[in-house]
Amino acid sequence: MNKERIICERLQRQKLITPLEDSHHREAYKQLFQKLQPVAPVFNSRPGDPPRLVHRTGFNDTFLSEDLHKKHQLVKGRFQGGRIGYVLEDDLDLYSTIFRKTIPKMTEFQKEVLSMIQQSGGISKDQLKEELPFKAREITAALKRLQEAFLVYETQVDTDWNTGWFDFETEWPEIKWQEDTVSAVAEMLFRFLDAYVFATLGQIKSWTQLKRKTIQGALSLLMEKEVIVKIKINGLGEGFIQKKDLHLTNEEIPSTVYMLDKSDFLVRADLDELKNRFKGKEVLQYLLIDGELKGAVLGHWRIGPHDIEDIALCLGKEETEKRKEEIISAIRAGYSAETTRILRFNGEQL
């Protein structure tokens, strides 16, 4: 087992090498979505924009994702440290069990907001603001906390800022949460390793945003069941892999460059390390080069057009120059030359 085999397999399973091509094959799309969930909306996208499997389909999956959401086959919630994300309805039980943040003692205000949502059978934030004598930011904070506890859920099927809020238990009365979540976390980590192939404890912590003790308990359970093993890989460190993946053979990594935003599955697994690597810099996007995160697109994000200040790379000088046009081309796929200037490339002015 070596680093190259793992990276190659990871790219294949994530469909970055062979993207889904048939927009009518809903089951294949849902299977890939399930592998990568919770799927967050693209970073800095508009409220209500559906989640997307960026670079993993050969077609614009916005319409397919949006349709699944409208039919409530994708459910919006707060996962992985309270971040907005979407999961398949069939898996809502698992992910809400793992990520819900209970409210030990609700405030009177939280009780009032929840009661109004339950009695109305669904209400918008604007209606709540009209009915309750509280400031908008206080209502927003209460809704967020109730959503984190999976006491309410939010529907938003267009890009309007206003959303509908509903009682979670009324919609999914069959979901009963258990205090002991070790088995549920173990199931999720087993799925995560199937998509990521090999991961260190730090990467698992970065991706899940769960407590280290919780993660270690779930990993111990998987090792006791002999479905994963702990292994050291040169260039990747010590981590975990499914037992069935110990004999991977393909190690021909294609030459590729992908620009990934901060919500991407691969970025989230390495985000803690990436924050240290690019500490003090404003990162717009990250660059996945030959299967590894080896660069960042830097600049100050604005709602309107904004420039790219620099393209920072963790490559040797010769490779940096050799792949300059390829890297710029990958960035231009997301930042049009008509609206965005690239001021520097690896520190050198363009």
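The values are calculated or read from the model by the stated rules, or taken from the named source; none is laboratory data. Predicted, not measured: the structure shown is a model, and the values here were computed from it. FYI the Cβ positions are ideal-geometry reconstructions off the backbone, even for glycines, and counts take in every protein chain you see. For accessibility, only protein heavy atoms count, side chains too; no ligands or nucleic acids. Shrake-Rupley method; radii C 1.70, N 1.55, O 1.52, S 1.80 Å.
For the reader, a short list of remarks on this structure follows.
- Cβ-Cβ under 9 Å pairs, at least 6 apart or on other chains, the stretch 304-325 side of a type in the set (S, T, N, Q), far side in a helix (DSSP H, G or I) and modelled with pLDDT of 95 or more: 320/327
- Any hit, the stretch 274-297, residues being surrounded by 16 or more Cβ atoms within 10 Å (Cβ to Cβ), basic (Lys, Arg) and touching a residue at least 40 places away in the same chain (Cβ under 8 Å): no
- Residue ID - surrounded by the most Cβ atoms within 10 Å (Cβ to Cβ), chosen from residues in the stretch 1-10 that are touching an Asp or Glu at 6+ places or on another chain (Cβ under 9 Å) and in a helix (DSSP H, G or I): 6
- Residue within the stretch 44-58 that is in contact with a Lys or Arg (Cβ under 8 Å, 6 or more places away or on another chain), of a type in the set (Ser, Thr, Tyr) and closer than 17 Å to residue 195 by Cα present: yes
- So residue 30, is it modelled with pLDDT of 95 or more, open to solvent by 10 Å² or more (accessible area, probe 1.4 Å), within 17 Å of residue 192 (Cα to Cα) and assigned to a loop (DSSP other than H, G, I, E, B): no
- Matching entry among 15, 35 (being charged (D, E, K, R), open to solvent by 10 Å² or more (accessible area, probe 1.4 Å) and part of a loop (DSSP other than H, G, I, E, B)): 15
- Any hit, the stretch 237-260, residues being part of a loop (DSSP other than H, G, I, E, B), touching a strand residue (DSSP E or B) at 6+ places or on another chain (Cβ under 8 Å) and open to solvent by less than 20 Å² (accessible area, probe 1.4 Å): no
- Flag: residue 37 does not match the condition of being of a type outside the set (D, E, K, R) and over 28 Å from residue 164 (Cβ atoms).
- The residues listed here are 329, 263; of these, the one that is small (Gly, Ala, Ser) and modelled with pLDDT of 95 or more is 329.
- Considering the conditions (1) under 29 Å from residue 42 (Cβ atoms); (2) modelled with pLDDT of 95 or more; (3) of a type outside the set (Ser, Thr, Tyr); (4) open to solvent by 40 Å² or more (accessible area, probe 1.4 Å), residue 188 is excluded by exactly one of them, (4).
- Flag if residue 62 is at pLDDT below 95, closer than 21 Å to residue 331 by Cα and touching a helix residue (DSSP H, G or I) at 6+ places or on another chain (Cβ under 9 Å): no
- Residue selected from the stretch 308-330 under the condition assigned to a helix (DSSP H, G or I) and touching a Leu at 6+ places or on another chain (Cβ under 8 Å), by the criterion surrounded by the fewest Cβ atoms within 10 Å (Cβ to Cβ): 320
- Helices (runs of 4 or more DSSP H) (entirely within the stretch 49-156) containing at least 1 residues that are more than 20 Å from residue 172 (Cβ to Cβ) and open to solvent by less than 50 Å² (accessible area, probe 1.4 Å): 62-70, 108-120, 125-131, 136-148
- Among residues of the stretch 18-27 being free of Cβ contacts under 8 Å to residues at least 40 places away in the same chain and among the charged types (D, E, K, R), the one that is surrounded by the fewest Cβ atoms within 10 Å (Cβ to Cβ) is 27.
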